[in-house]
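Q: Can you keep this structure in mind? I'll have questions shortly.
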Amino acid sequence: MTTKDVSSDKKKAGALRSEFSFELHTHFAIKLWEGRHRNIDDIEQKSQKKAFWNIISMPVFIGRVTRIHNDALEDNPFADMFLYRVEKSLDESIEILQSELDKAGKWLTQIPAQIHISEVASSEPLDLSVFSRTPLGYKCVWLLVGVDQLAMRTYQAYHYGLISRKKKGDVLAIAGHQVRRAFGIVTLYHSLPISRANLSNMSEEHQAAVKIMGDLDHDILTGRKRSSFSPPLASLK
């Protein structure tokens, strides 16, 4: 058998596949997943059949952060800036949420040893699956699941009289804000045909981008400051 025959017999592995599914147990977290549509009275706007949001949904967030990632693949520095902002927001939110979960974990330690309380869970949780082309999409889902866990513990502690109604409201407000702040960042992004190669402060596209999205961070432009999940800079390939 020749070398050519041996190499032709070599088998290659197929594409890697993995499914991402999860459960949500509280209406609080489910509402964050679903978002909230804006009430539209204008008949002309209704006829356009577009989705108008007060708060976007998680699937919309994933779609928008994917669009930002795709623009970053085209060496768009504004897309890089927003990927950095999203990751920074998620990292800060996960840290805040973990602190709240640690505090919530101490609530049940107040009960006497003779009392036994089971773990809290929904009798019919909502089963969901998601696919994202950027890790930031999954990272936001991790955050949402953490919010769901915190909401369950908060409702349970309130139900058994371990925390007040005000405390319950305060904790849920903190939890919901962590997801919504990431949602808010991607809603400010607008896709424009800009790249580092054709960037000019005098171009209409650049001026429009600055007007809509703010001044471009110089460290982002040079590549010194980037998201951990940003694609490689085209200029460095």
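Q: Which net charge results for the neighbourhood of L126, defined as the other residues with beta-carbon distances under 13 angstrom from its beta-carbon, given Lys and Arg at +1 and Asp and Glu at -1?
A: Net of charged neighbours comes to -4.
Q: Right, here's the next one. Can you run phi through the Karplus equation (6.51, -1.76, 1.60; θ = phi - 60°) for region 176-185 and list ³J(HN,Hα) in whole Hz, with x for Gly and Pro?
A: Running phi through 6.51 cos²θ - 1.76 cosθ + 1.60 with θ = phi - 60° gives x, 4, 5, 6, 5, 5, 5, 4, x, 5 Hz.
Q: Compute the separation of the alpha-carbon centres of region 122-160 and region 69-108 and state it in Å as a whole number.
A: 15
Q: Cross-link list K88/K211; K166/K225; K31/K167; K106/K139: which exceed 29 angstrom alpha carbon to alpha carbon?
A: Exceeds cut-off: K166/K225.
Q: Once phi is turned into ³J(HN,Hα) by the Karplus curve 6.51 cos²θ - 1.76 cosθ + 1.60 with θ = phi - 60°, what whole-Hz value does each residue of region 141-147 show in order, with x for glycine and proline?
A: 5, 4, 4, 4, 5, x, 4
Q: Each residue of region 207-224 in order: what ³J(HN,Hα) in whole Hz does its phi give by Karplus 6.51 cos²θ - 1.76 cosθ + 1.60, θ = phi - 60°, with x for Gly and Pro?
A: 5, 5, 5, 5, 5, 8, 10, x, 5, 7, 5, 4, 5, 5, 4, 7, x, 5
Q: Per-residue ellipticity at 222 nm for the chain, helices alone: DSSP H runs ≥ 4 residues times -39500 (n - 2.57), over residue total, nearest 500 deg cm²/dmol?
A: Computed mean residue ellipticity for the chain: -17500 deg cm²/dmol.
Q: Between I117 and S18, what is the FRET efficiency for a Förster distance of 35 Å, r being their Cβ-Cβ separation, to the nearest 0.05?
A: 0.50
Q: On to the next question. Counting Lys +1, Arg +1, Asp -1, Glu -1, what net charge surrounds V210 among other residues with beta carbon under 12 Å of its beta carbon?
A: -3
Q: Which entry in (i) 1.13; (ii) 1.31; (iii) 0.96 matches Cα Rg over 2.2 N^0.38 Å derived from the coordinates of this structure?
A: (ii)
Q: Something else about it: Sum up the charges of everything whose Cβ sits under 10 Å from the Cβ of L192, counting Lys and Arg as +1 and Asp and Glu as -1, but leave L192 out.
A: Summing Lys/Arg as +1 and Asp/Glu as -1 gives -3.
Q: Hey, can you grab everything whose amide H is under 5 Å from the amide H of H37? Only 5+ residues off in sequence or another chain; H modelled, so Pro and N-termini drop out.
A: Residues meeting the amide H criterion: N54.
No value in this document is a laboratory result; all are computed from the given coordinates. These figures come from a predicted structure and were not determined experimentally. Glycine also receives a Cβ, built like all others from the backbone with ideal geometry; neighbour counts cover every protein chain displayed.
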